[in-house]
Amino acid sequence: MRLAPHLHRIGDDVVAAYLVVAPEGVLVVDAGLPGHWRQLTAELEGLGLSVGDVRGVVLTHGDTDHLGFAERLRRDHGVPVHVHAADAARARGLEKAPSPSWGPWRPGPTVGFLVNTARHGGLRTTYVREVSEVHDGDVLDLPGSPRVVGLPGHSPGSIAVHVPSVSAVFVGDALTTRHVLTGRRGPQPAPFTDDPAQALASLDRLAGLDATWVLPGHGAPWGGGTAALAQEVRAAAGR
């Protein structure tokens with residue numbers, strides 16, 4: 001789905017991944033679920049491109065619903081997969097995420113999330129066998145020259161990926177605009193967060209970024225810019 005010139009989404013409001021299309025190739029941000037591979041190839045074909053035009057994957061963190069087809073790209077097509085050093089072991093399957101409380105949930109949205117996950121192959125995880133580690137402040141030699149912005153909290157290595165050329169910042173699960181367990185919409189804290197207080201504090205780093213689009217791993221794209229976003233999320237958290 002085209003969001004803006006050179007900016008595309010695959011998946012849906014339940015689980016999403018993104019493409020930045022530049023003259024030098026395609027950047028993939030997050031890899032959704034394994035079954036999103038078909039959407040990836042279809043989106044590329046619609047642009048007159050192929051998997052061979054993908055130059056790199058950047059993961060916003062190492063949780064399983066963001067790994068999706070990343071290893072398939074790396075293993076079968078030689079595409080490097082980048083993740084923050086603090087989440088590298090998680091993305092490789094060498095370190096399990098803690099088991100935080102689910103928090104509030106409703107039967108309908110929760111079942112819908114689980115069914116969506118199963119439908120797209122998310123009950124089995126293919127971890128990334130080799131990763132390229134990144135750090136806060138890195139500007140990567142990939143299409144769009146993405147800059148890494150550390151947002152620890154959801155996981156130790158959670159990051160935002162800022163791509164000024166498409167006026168977008170990809171935030172993974174640093175926040176959500178559709179709570180997968182309650183169905184509530186709008187900017188709010190994401191569930192399954194390792195350290196909720198740290199995640200809220202990290203959002204201050206988004207305020208100074210010049211980006212029209214804030215793109216979460218779960219929920220609709222947010223087109224209202226970054227300035228008021230932390231306030232919106234904190235209000236939803238009751239802080």
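The values are calculated or read from the model by the stated rules, or taken from the named source; none is laboratory data. Everything numeric in this text was worked out from a predicted model, so none of it was measured. Please note: Cβ atoms are built from the backbone with ideal geometry, for glycine as well, and neighbour counts cover all protein chains shown.
Residue 87 meets the conditions (1) among the charged types (D, E, K, R); (2) over 21 Å from residue 10 (Cβ atoms); (3) at pLDDT 95 or above; (4) surrounded by fewer than 24 Cβ atoms within 10 Å (Cβ to Cβ) in every case but one. The failed one is (4).
Okay, residues lined up against (1) without any contact (Cβ under 8 Å) to a residue 60 or more places away in the chain; (2) hydroxyl-bearing (Ser, Thr, Tyr); (3) within 22 Å of residue 58 (Cα to Cα); (4) out of contact with any Gly (no Cβ under 7 Å at 6 or more places or on another chain):
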{"position": "110", "(1), (2), (3), (4)": "no, yes, no, yes"}
{"position": "121", "(1), (2), (3), (4)": "no, no, yes, no"}
{"position": "130", "(1), (2), (3), (4)": "yes, no, yes, yes"}
{"position": "141", "(1), (2), (3), (4)": "yes, no, yes, yes"}
{"position": "165", "(1), (2), (3), (4)": "no, yes, yes, no"}
{"position": "186", "(1), (2), (3), (4)": "yes, no, no, yes"}
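The set of residues from the stretch 204-224 being surrounded by 17 or more Cβ atoms within 10 Å (Cβ to Cβ) and under 21 Å from residue 15 (Cα atoms) comprises 213, 214, 215, 216, 217, 218, 219, 221, 222.
Listed by position, the strands (runs of 3 or more DSSP E) inside the stretch 153-207 whose residues that are of a type outside the set (S, T, N, Q) and modelled with pLDDT of 95 or more number at least 2 are 159-163, 168-172, 185-188.
So, residue 98, is that one in contact (Cβ under 8 Å) with a residue 60 or more places away in the chain and surrounded by 18 or more Cβ atoms within 10 Å (Cβ to Cβ) or not?
So residue 98 does not fit the description; no.
Residue 117 satisfies every condition listed in (1) assigned to a loop (DSSP other than H, G, I, E, B); (2) closer than 24 Å to residue 10 by Cα; (3) touching a residue at least 60 places away in the same chain (Cβ under 8 Å) except (1). Where residues in the stretch 6-30 are out of contact with any strand residue (DSSP E or B) (no Cβ under 6 Å at 6 or more places or on another chain) and farther than 19 Å from residue 219 by Cβ, which of them is surrounded by the most Cβ atoms within 10 Å (Cβ to Cβ)? Among residues in the stretch 6-30 that are out of contact with any strand residue (DSSP E or B) (no Cβ under 6 Å at 6 or more places or on another chain) and farther than 19 Å from residue 219 by Cβ, the one surrounded by the most Cβ atoms within 10 Å (Cβ to Cβ) is 21.
Given 119, 185, 178, which one is of a type outside the set (Val, Ile, Thr), surrounded by fewer than 16 Cβ atoms within 10 Å (Cβ to Cβ) and over 30 Å from residue 53 (Cα atoms)?
185
In this structure, does residue 3 turn out to be modelled with pLDDT of 95 or more and either in a strand (DSSP E or B) or crowded, with 21+ Cβ neighbours inside 10 Å (or both)? Judged against the criteria, residue 3 is a match.
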